[in-house]
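Chemist: This is the structure, below, for whatever I ask next.
The values are calculated or read from the model by the stated rules, or taken from the named source; none is laboratory data. From a predicted model like this one, the values you see are computed outputs, not experimental measurements. Ideal geometry is used to build each Cβ from the backbone, glycine not excepted, and the neighbour counts take in all protein chains shown.
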Amino acid sequence: MSRPVADQPLHRSWLGARLKPLALLLPAAARRRVAIGLATAAAVAFPLLVSDEGDIDAAANACAFAVLALGLNIVVGFAGLLDLGYAAFFAIGAYVYGMAASWQLTPPWSEAWQPLAWLGLVSRFHVEGVPDVVHFHVSFWLMLPVSALIAAGFGMLFGVPTLRLKGDYLAIVTLGFGEIVPIVARNTPSLTNGAMGLNGVIPPSLFGYSFGVESTPYYYLGLALVALLIFVSLRLQDSRIGRAWMAIREDEVAAGAMGINRTRLKLLAFGSGAAFAGATGTFYVAKLQTATPEMFMFPVSVMVLVMVVLGGMGSVWGVVLGAAILQLLQSWFLQDLSEWAHALGRLVGSAWLQDVQLAQSIELIFGVILVIMMLYRRQGLIPAGRRVRALDAREQAVAATRGGIGARLSLLDGEAGLPTGAPMLETRGLSRRYGGVRAVNGIDLTVPAHAIIGLIGPNGSGKTTFFNLVTGLDTPSGGQVLFLGADVTGLAPHLLVERGIARTFQNLRLFGNMTVLENVLVGVHARTRTGALGAVLRPPRVRAEEAEARDWALEVLAVFGNRLLPRLDHPAHSLSYANRRRLEIARALATRPRLLLLDEPTAGMNPAETLELADQIHSLREMGLTILLIEHKLDVVNDITDKVVVFDHGEKIAEGPAAVVRHNEDVIRAYLGRAAAAA
Amino acid sequence: MSFGDILLQQVINGLSLGAMYALLALGFTLVYGIIELINFAHFNVFMMGSFFAMWVLQLLGVEGQSTVLTGWPLAGALILALAGTMLGSGVLGVVIERLALRPMRNVRGTAAMITTIGVSYILFNIILLTIGADTQNFPNPMPVVRWHLGGAVLDLREVLLWSASLVLMALLHLFVRHSRMGKAMQATAQDQEAARMMGVDVDRIVLLAFFIGSALAGAAGLVFGLYYNFTSFLIGYTAGLRAFTAAVLGGIGSIGGAVLGGFAIGLIESIGGQLLAVRWTDVIIFSILIAILVFRPTGLLGRMAPQKS
Amino acid sequence: MPISDEPPPLLEFREVDTCYGELQVLKRVSYTVRRGEIVCLLGGNASGKSTTMKTIFGLVRPTSGAVLYRGQPIDALPTAERVRRGIAPVPEARRLFARMTVLENLEMGAFTRRDPGGIAGDLERVYDLFPWLRDRRHQLAGTLSGGEQQMVAIGRALMARPALLCMDEPSMGLSPALVEQVFDIIRAINGQGTTIFVVEQNANMALSIAHRGYVLQSGEVILSGAAAWLRQNDMVRQAYLGEMRAAS
């Protein structure tokens, strides 16, 4: 007797039932590779399978837009900088090639051009009756990287004064820039032929074969560009640079406090994105053999943004998917839907339905996508998953033998390089005024090397402000900060990290969406050197540095025993509160500091956790660190500090061993308040 | 025409444009002052407001520029159109806030602004797809009465538009400075949590700000139509850019700044368009915008510096 | 059968747990504030005092336990309603509306009221309490000194004609002389019939005017009793200076 329909298993089809167990045979990583392999094969075979020239052309355009989306993804997705004028760089790349390889610019010939003619970049052109002119025909393959660099240059030039602006204001100035560029293009017809468009742009040629007007070679070129830039994006994402960008995106202030030079990295992101767009511009204009300003206006910037938002900000595969979906929509789906609507219109006799052209509604769909995605799925279709490479066998062995209290942290420069005599930290008359309020007033403080000093005092007494002044998050109104004898007053946070000052924050500033391991790796940023190029190429030096960084990160995490090590690939926001506090300390340790400033490290911890951390802080001193901590749990302060400094109303009112200070009249009065006059 | 005449004419034009930009900038800055949101959709609410006004006038039987009214019928028609567009735009603004923006209120970063870009696109394309891309002849019942000041021409409609705009601005000022809800709005803009502790319903204040701001945008839409005798789906974009720059120039979040900025940009546009070619006006205005944000982000009168928080 | 005709306490916290984020800030705290009293809540930094204020005003909701006003639970009520029922705040660091005038700030205190006559009368009473305010009523609040701002903040709260005045660290940032002045005013207001709940770090000052007090440490009430008793009790000092560990 057959089973009732409702009881049968849910395999949708005979094929699905057969393939499913097969798919589950493969481990996740291999499954991924197979999927990518199949997709690549399909992409390569595409023009052979499809005969419609229009479809291949649309696919080639889709490749161009996918590259744009990848480029914007670096700016918006990785680094968190909203750029609403991205099409400007697209335009720059296009017009640079357009001017360098077309009949647009034809200055009069002179001998000065001869060397360029020998290089094959220009040639002398003769027209009857007029003096000879220069014909520019720089090779497409040469211009591809050159215009990318030129676009990057514009990006960085624009970025220098503007990247310090807050998110939505940065978006507005980029919008402005994105509008100015096509207008300038339109208004300088001598260079660009204005609204009529560049003419006679020379298509690329490979080994004597000119690409001409057939779409297929452009499609393969586009596909190659997409593949290249997917590769570059993935490499960047999983590198020191990528982590620094994510840190900036998560919490800029904390990123700076962990040693990241924010200005340089933002410029790098902005410039890289611009370079991608510039290269695409060159490709696109070579394919169309013309360029008009209309091709580069605000709607184009929005379209690329929609691709990124739809696919997933920060997700490399996601934005490629987003680009593909939008191109499919625009070129095929909407046409088909229009035809169905026409048919329906004929059926029901609706004139409007018969005339509707849904392809025109693509921009409406963009708007709807933006709103729906922001409201309901901000992470996009394929969220940027934080994949952390699992520990390999060697690393697992390393982790198992270390750990727990008392582990020695190698390479933490304890004695090495310490100039004799100078205290670790010294402030002289350090002050900070806000309007009329003196948050910190004339603090003279000395912290000897290897000391653990507690900073205590009632609410609002200036302790955190003092920390901010010492770590560069705030600029003093007066006085000096000396670190190991050198004047570091007012230096930017990342420079102080390089010198060896690290800190944690009162209100926890972890990079919530990054994993435990990644948070700590960000701490290593200041001690590593890999740049963007190294990140992409991964020569042995870079790989060695990355391995060393990971080893160091694991050592640092091992200080907290088995609290954090089992959770390496968990996002930081998923940890318990106490573990988040520990992670922040680990992250600060990763910067290899000499001086560690802890701002209320035990806040929110129960007594047992507090005791454990107090012991760990003690052992950090054994490993060579000097520690300054703000702490409210005065029993902790009593136990572990060598001495305490008491703040009240921005001034130092007492200093000495905790046991003594506790009985100081002024201190008691600061905490408990002055007794009433007629009490 | 002598140079003086040309200048005077451009000043007259500039003041008319300025009045319109001031109204637009006011609505925009009102919302920004309370929730610190750059609302792109505002400028397409303005565009829709001009369509609302157009439809009201068409319903009243005004055809193009051929129906001319005077005296009470004129006043009545204009007041009805103003009321219609202010009400319609205000409601539109409230709907947008409620559906698309309130859920984004606590999301940090630029997500809310991106949502407003989406809404802006939706409004823009709804008009494009239903009404079409053609410019619409705007029904204008105002008689053509001109005065000659030397070589320059001053039109009655310009005087009417200035007056109407100034009245609206004065009413807004009175409301914000002297009414109970207006003061609650100020309080909310200055310290939202303290306002809540005084018993202010912050959600309602935000709705009110959106309603008033959008209503002003609608009024600006009517001004546009009466001034230019046309409207189209594109007007939000061009006027929006200028109004936005005006708000930033005057100091974002500052009501006086929006008015000052609006008139300044109007004058810059008309005089600048005279001195340089018109096709460079957009570039000039965008450059002003960028320059202010880079060099003096608080603008002329504002206090909310858009630096990194 | 005798039915107790004693009115319920004006404000009561019963075993309240409150979380801020996922940090548990208040742990099963209980307070009682009776009509006509001045009750102070003391404690060092990070003890949970501010969260208590936020809980009273509904800016933070308790995860368990109950907050009662005049015997009725108010956990679900919005802030505006609580103010309307007679609880007025003097927030930490004053939180005046800096770009509004003194008068406008005072008027904002009466925002939930609809009786212009009563409001005008209360305004006069505030001017009586702080005579200098009358002359400065058109001055922008942001331009006042710290002490003056504190007076305006108190006046603003009084404009709600509250039954219960909740003050969050009124002594913060003020010179000792001003602190005394402020506490004298608190005593005077109480003398006129307003119940006062003061959250304060300055234990000595607060205990000198209060009837009763509670001491918070790490979110738990570790001491409570008559102010006179607390004042002489060394345990308060120990609690502040961390010598006393809460039994947990």
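Chemist: Please pick out the residue among A:R386, A:R402 that is surrounded by 15 or more Cβ atoms within 10 Å (Cβ to Cβ), touching a strand residue (DSSP E or B) at 6+ places or on another chain (Cβ under 7 Å) and modelled with pLDDT under 85.
Modeler: A:R386
Chemist: Kindly indicate the residue of the stretch C:96-142 that is more than 14 Å from every other protein chain (Cβ to nearest Cβ) and crowded, with 20+ Cβ neighbours inside 10 Å and also nearest to the chain's Cα centre (by Cα) among those meeting that condition.
Modeler: Looking at residues that are more than 14 Å from every other protein chain (Cβ to nearest Cβ) and crowded, with 20+ Cβ neighbours inside 10 Å, I get C:V126.
Chemist: Please go through the stretch B:85-136 and give me each residue that is among the polar types (S, T, N, Q) and either more than 10 Å from chain A (Cβ to nearest Cβ) or part of a helix (DSSP H, G or I) (or both), ordered by number.
Modeler: Scanning the stretch B:85-136 gives B:T85, B:S89, B:N106, B:T115, B:T116, B:S120, B:N125, B:T130, B:T135, B:Q136.
Chemist: Okay, next question. Considering (1) more than 12 Å from chain C (Cβ to nearest Cβ); (2) farther than 30 Å from A:R428 by Cβ, say which one A:Y577 fails and leave the rest.
Modeler: Every condition holds for A:Y577 apart from (1).
Chemist: Taking the stretch A:569-586, which residues are touching a Ser or Thr at 6+ places or on another chain (Cβ under 8 Å) and either under 24 Å from A:A526 (Cβ atoms) or surrounded by 23 or more Cβ atoms within 10 Å (Cβ to Cβ) (or both)?
Modeler: If the condition is that a residue be touching a Ser or Thr at 6+ places or on another chain (Cβ under 8 Å) and either under 24 Å from A:A526 (Cβ atoms) or surrounded by 23 or more Cβ atoms within 10 Å (Cβ to Cβ) (or both), then A:D569, A:P571, A:A572, A:R581, A:E584, A:I585 are the ones that fit.
Chemist: Taking A:A244 as the residue in question, decide whether it is surrounded by 24 or more Cβ atoms within 10 Å (Cβ to Cβ), in a helix (DSSP H, G or I), away from every other protein chain (no Cβ under 14 Å) and on the phi < 0 side of the Ramachandran plot.
Modeler: So A:A244 passes the test.
Chemist: Now for a different question. Looking only at the stretch A:346-368, how many residues end up being within 11 Å of another protein chain (Cβ to nearest Cβ) and not in a helix (DSSP H, G or I)?
Modeler: 2
Chemist: Identify, from the list C:A120, C:A188, the residue that is outside the structural domain of C:T55 (by TED's automatic domain parsing) and either without any contact (Cβ under 8 Å) to a residue 12 or more places away in the chain or assigned to a strand (DSSP E or B) (or both).
Modeler: Just a single option satisfies the conditions, and that option is C:A120.
Chemist: For the stretch B:61-76, state whether one or more residues are within 14 Å of chain A (Cβ to nearest Cβ) and among the small types (G, A, S).
Modeler: Within the stretch B:61-76, not a single residue is within 14 Å of chain A (Cβ to nearest Cβ) and among the small types (G, A, S).
Chemist: May I ask you to list the residues in the stretch C:136-149 that are within 19 Å of C:I185 (Cα to Cα) and out of contact with any helix residue (DSSP H, G or I) (no Cβ under 6 Å at 6 or more places or on another chain)?
Modeler: Selection gives C:L144, C:S145, C:G146, C:E148, C:Q149.
Chemist: Only one of B:S66, B:S50, B:S16 is assigned to a loop (DSSP other than H, G, I, E, B) and of a type in the set (S, T, Y); which?
Modeler: B:S66
Chemist: Still on this model: List every residue pair whose Cβ atoms sit under 6 Å apart, with the two residues 6 or more apart in sequence or on different chains, where the first one lies in the stretch A:114-131 and is assigned to a helix (DSSP H, G or I) and the second, anywhere, is surrounded by 10 or more Cβ atoms within 10 Å (Cβ to Cβ).
Modeler: Correct list of pairs: A:L116/A:V122; A:A117/A:S123.
Chemist: OK, next. So, in the stretch A:595-643, how many residues would count as being closer than 23 Å to C:K27 by Cβ and either of a type in the set (K, R) or part of a loop (DSSP other than H, G, I, E, B) (or both)?
Modeler: 10
Chemist: Among the residues of the stretch B:219-230, are any part of a helix (DSSP H, G or I), buried (at least 17 other Cβ atoms within 10 Å of the Cβ) and free of Cβ contacts under 8 Å to residues at least 24 places away in the same chain?
Modeler: No - not one qualifying residue is present in the stretch B:219-230.
Chemist: Looking for something in contact with a Phe, Trp or Tyr (Cβ under 6 Å, 6 or more places away or on another chain) and either closer than 21 Å to A:G167 by Cα or within 9 Å of another protein chain (Cβ to nearest Cβ) (or both) - is there at least one such residue anywhere in the stretch B:265-286?
Modeler: Within the stretch B:265-286, not a single residue is in contact with a Phe, Trp or Tyr (Cβ under 6 Å, 6 or more places away or on another chain) and either closer than 21 Å to A:G167 by Cα or within 9 Å of another protein chain (Cβ to nearest Cβ) (or both).
Chemist: Starting from the stretch C:163-181, keep only residues that are free of Cβ contacts under 8 Å to residues at least 40 places away in the same chain, then list their pairs with residues that are charged (D, E, K, R) and outside any loop (DSSP other than H, G, I, E, B) whose Cβ atoms are within a distance under 7 Å, requiring at least 6 positions of separation or different chains.
Modeler: Between residues of the stretch C:163-181 that are free of Cβ contacts under 8 Å to residues at least 40 places away in the same chain and residues that are charged (D, E, K, R) and outside any loop (DSSP other than H, G, I, E, B), the close pairs are C:S171/C:E200.
Chemist: Next question, about the same structure. Scan A:A291, A:A277, A:A286 and give me the residue that is in contact with a Phe, Trp or Tyr (Cβ under 7 Å, 6 or more places away or on another chain), more than 14 Å from chain B (Cβ to nearest Cβ) and either under 19 Å from A:G80 (Cβ atoms) or modelled with pLDDT of 95 or more (or both).
Modeler: None of the others qualify; the one that does is A:A277.
Chemist: All but one of (1) within 7 Å of chain A (Cβ to nearest Cβ); (2) in a strand (DSSP E or B) hold for B:L154; which doesn't?
Modeler: The failed condition is (1).
Chemist: Looking at the stretch C:40-66, which of its residues are in a strand (DSSP E or B) and buried (at least 24 other Cβ atoms within 10 Å of the Cβ)?
Modeler: Selection gives C:C40, C:L41, C:L42, C:G43.
Chemist: Looking at the stretch A:441-455, which of its residues are within 21 Å of A:A502 (Cβ to Cβ) and within 14 Å of chain C (Cβ to nearest Cβ)?
Modeler: A:G454, A:L455
Chemist: Criterion first (surrounded by fewer than 24 Cβ atoms within 10 Å (Cβ to Cβ) and at pLDDT 90 or above) does B:V11 satisfy it?
Modeler: For B:V11, the condition - surrounded by fewer than 24 Cβ atoms within 10 Å (Cβ to Cβ) and at pLDDT 90 or above - is met.
Chemist: Six or more apart or on different chains, Cβ under 8 Å: which pairs go from a residue in the stretch A:625-642 that's within 9 Å of another protein chain (Cβ to nearest Cβ) to one that's in a loop (DSSP other than H, G, I, E, B) and basic (K, R)? Could you list them?
Modeler: Every condition considered, the pairs that remain are A:L634/A:R662; A:D635/C:R245; A:N638/A:R662.
Chemist: If you go through the stretch C:151-174 one residue at a time, do you hit one that is over 20 Å from B:M197 (Cβ atoms) and in the same structural domain as C:I38 (by TED's automatic domain parsing)?
Modeler: Yes, some residue in the stretch C:151-174 is over 20 Å from B:M197 (Cβ atoms) and in the same structural domain as C:I38 (by TED's automatic domain parsing).
Chemist: Let me ask another. Filter the stretch A:183-193 down to residues that are surrounded by 15 or more Cβ atoms within 10 Å (Cβ to Cβ) and either at the interface with another protein chain (Cβ under 10 Å from one of its Cβ atoms) or without any contact (Cβ under 8 Å) to a residue 12 or more places away in the chain (or both), then give me how many there are.
Modeler: 4
Chemist: Another question about this same structure. Across the stretch B:103-114, which residue is surrounded by the fewest Cβ atoms within 10 Å (Cβ to Cβ) among those that are touching a residue at least 40 places away in the same chain (Cβ under 8 Å) and under 22 Å from the mean Cα position of the chain (by Cα)?
Modeler: B:M113
Chemist: Separate question: So which residues in the stretch A:145-174 are more than 11 Å from chain B (Cβ to nearest Cβ), hydrophobic (A, V, I, L, M, F, W, C) and either farther than 24 Å from A:Y95 by Cβ or in contact with a helix residue (DSSP H, G or I) (Cβ under 8 Å, 6 or more places away or on another chain) (or both)?
Modeler: Listed by number, the residues that qualify are A:V146, A:A148, A:L149, A:I150, A:A151, A:A152, A:F154, A:M156.
Chemist: While we're on this one: Checking C:A93 against (1) out of contact with any Ser or Thr (no Cβ under 7 Å at 6 or more places or on another chain); (2) part of a loop (DSSP other than H, G, I, E, B); (3) crowded, with 16+ Cβ neighbours inside 10 Å: exactly one of these is not met. Which one?
Modeler: Unmet for C:A93, out of (1) out of contact with any Ser or Thr (no Cβ under 7 Å at 6 or more places or on another chain); (2) part of a loop (DSSP other than H, G, I, E, B); (3) crowded, with 16+ Cβ neighbours inside 10 Å: (3).
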